[in-house]
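Q: Mind having a look at this structure? Questions to follow.
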Amino acid sequence: MEEHGWPLWDLRIRTPRLVLRPPREADLSRLVQVIRGGIHEPGVTPFRFDFCCQPPEEIFLGTARFYWRSMAEWKPEKWSLILAVEEEGTIVGVQGVDAQDFSELRTVATGSWLGRSFQGRGIGKEMRHGVLHLAFAGLGAAVALSGARVGNAQSLGVSHALGYRENGLKPMMFGQQLGEEIGLRLDRADWERSERPPIVIDGLDGCRSMFGESLPSG
Ligand SMILES: CC(C)(COP(=O)(O)OP(=O)(O)OC[C@H]1O[C@@H](n2cnc3c(N)ncnc32)[C@H](O)[C@@H]1OP(=O)(O)O)[C@@H](O)C(=O)NCCC(=O)NCCS
């Protein structure tokens with residue numbers, strides 16, 4: 001294994017079509033290109049912070065800060081993993097997963113986006129399968145949470161297809177817009193029962209301690 005000081009860089013989640021991996025600094029401009037290409041229809045934003053509708057130079061700075069912050073602030077008690085999603089070597093979006101007090105709560109929360117031209121082909125479901133495999137099989141999670149703005153049919157479609165149950169509504173600001181978020185929850189037993197594609201995780205043992213207490217892989 002290459003010793004480069006940041007063990008997470010060796011982590012790879014491989015699904016039938018995709019590779020999910022922490023981006024390197026050299027990937028930032030590729031990520032920014034996808035963001036600038038558009039993520040959602042103008043008007044109604046699915047995000048609390050509408051990072052894709054900022055001026056072009058802000059998108060680069062914001063993406064870089066988001067990337068560095070996730071590494072600089074990483075602690076086993078509170079972490080936020082950004083995974084670039086690649087399809088045949090092309091970066092198509094990001095799958096995030098984060099947790100606080102994971103060793104006690106065994107609970108993760110996920111969020112994701114794809115460039116518009118990559119949406120609607122099942123990639124969103126496949127990358128969620130990938131990150132859930134990391135959480136449940138790799139890290140021993142008990143619960144995975146997600147959330148989607150009311151009316152976000154694609155995001156709700158992914159969660160429903162993977163077996164999440166709706167978990168209440170709460171008012172939320174989406175940028176400057178007041179909206180409501182539908183909470184979604186997937187318990188380990190439902191995940192175990194669900195149909196899943198074959199997924200392989202590489203490089204987890206070298207960074208397992210960064211996610212909280214050392215847990216056996218499932
Ligand atoms: C959300 C997102 C990641 C999903 O990825 P995707 O590749 O487009 O989604 P998939 O093709 O894997 O699956 C979408 C599911 O929703 C369903 N769906 C999509 N549009 C739908 C609609 N209008 N009504 C009902 N279901 C719909 C699809 O049928 C599919 O479910 P199925 O396979 O069970 O039929 C992607 O669309 C995206 O980046 N959207 C903009 C950003 C965003 O909303 N991010 C999430 C913030 S919470």
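Throughout, read-outs are computed from the coordinates displayed, never taken from laboratory work. These numbers come from a predicted model, not from an experiment. Glycine also receives a Cβ, built like all others from the backbone with ideal geometry; neighbour counts cover every protein chain displayed.
Q: Using all C-alpha to C-alpha distances in the stretch 81-168, build P(r) with 5 Å bins and read off the rounded percent in each one.
A: Result, from short to long distances: 3, 13, 26, 25, 19, 10, 4, 1 percent.
Q: Okay, moving on. Using Cα pairs closer than 8 Å and at least 6 residues apart in sequence, work out the relative contact order for the chain, in percent.
A: 26
Q: I'd like the Kirkwood hydrodynamic radius of the stretch 13-115, using the inverse of the mean 1/r over distinct C-alpha pairs, in Å. Mind dumping the intermediate values first?
A: Details: mean 1/r = 0.0686 Å⁻¹.
It is 14.6 Å.
Q: Which stretch or stretches of the stretch 27-44 have amide N atoms under 13 Å from the point lying 7 Å from GLU57's Cα along the Cα→Cβ direction?
A: Counting only backbone N, you get no residues.
Q: Find the centroid of the Cα atoms in the stretch 49-107 and in the stretch 1-43, then give the distance between the two in whole Å.
A: 9
Q: Now for a separate question. Per-residue ellipticity at 222 nm for the chain, helices alone: DSSP H runs ≥ 4 residues times -39500 (n - 2.57), over residue total, nearest 500 deg cm²/dmol? Please list the in-between numbers first.
A: Values: 6 runs with 55 residues, N = 218.
Taken over the chain, the calculation gives -7000 deg cm²/dmol.
Q: Still on this structure: First obtain the Kirkwood hydrodynamic radius of the stretch 1-69 from its Cα pairs, then insert it into the Stokes-Einstein equation at 25 °C and 0.890 mPa s, and state the resulting D in µm² per second as a whole number.
A: Stokes-Einstein gives a translational diffusion coefficient of 175 µm²/s.
Q: Highest first, please rank the peptides 80-86, 97-103 by the mean number of other Cβ atoms sitting within 10 Å of their residues. Working shown, then result.
A: Working: 80-86: 22.6, 97-103: 18.4.
Going by the mean number of other Cβ atoms within 10 Å, highest first, we get 80-86, 97-103.
Q: For the chain, what is the charge dipole size about the Cα centre, in debye to the nearest 20, if Lys and Arg each add +1 at the Cβ and Asp and Glu each add -1 at the Cβ?
A: So the magnitude is around 420 debye.
Q: I would also like to ask the following. Per Stokes-Einstein, at 4 °C and 1.567 mPa s, what whole-number D in µm² s⁻¹ belongs to the chain, with the Kirkwood radius over Cα pairs as the hydrodynamic radius?
A: The Stokes-Einstein estimate is 73 µm²/s.
Q: How much net charge surrounds CYS52 when only the other residues with a Cβ under 12 Å from the Cβ of CYS52 are counted, with Lys and Arg +1 and Asp and Glu -1? Display every interim value, and only then the final one.
A: Working: positive: ARG36, ARG116; negative: GLU41, ASP50, GLU58.
With Lys, Arg at +1 and Asp, Glu at -1, the net is -1.
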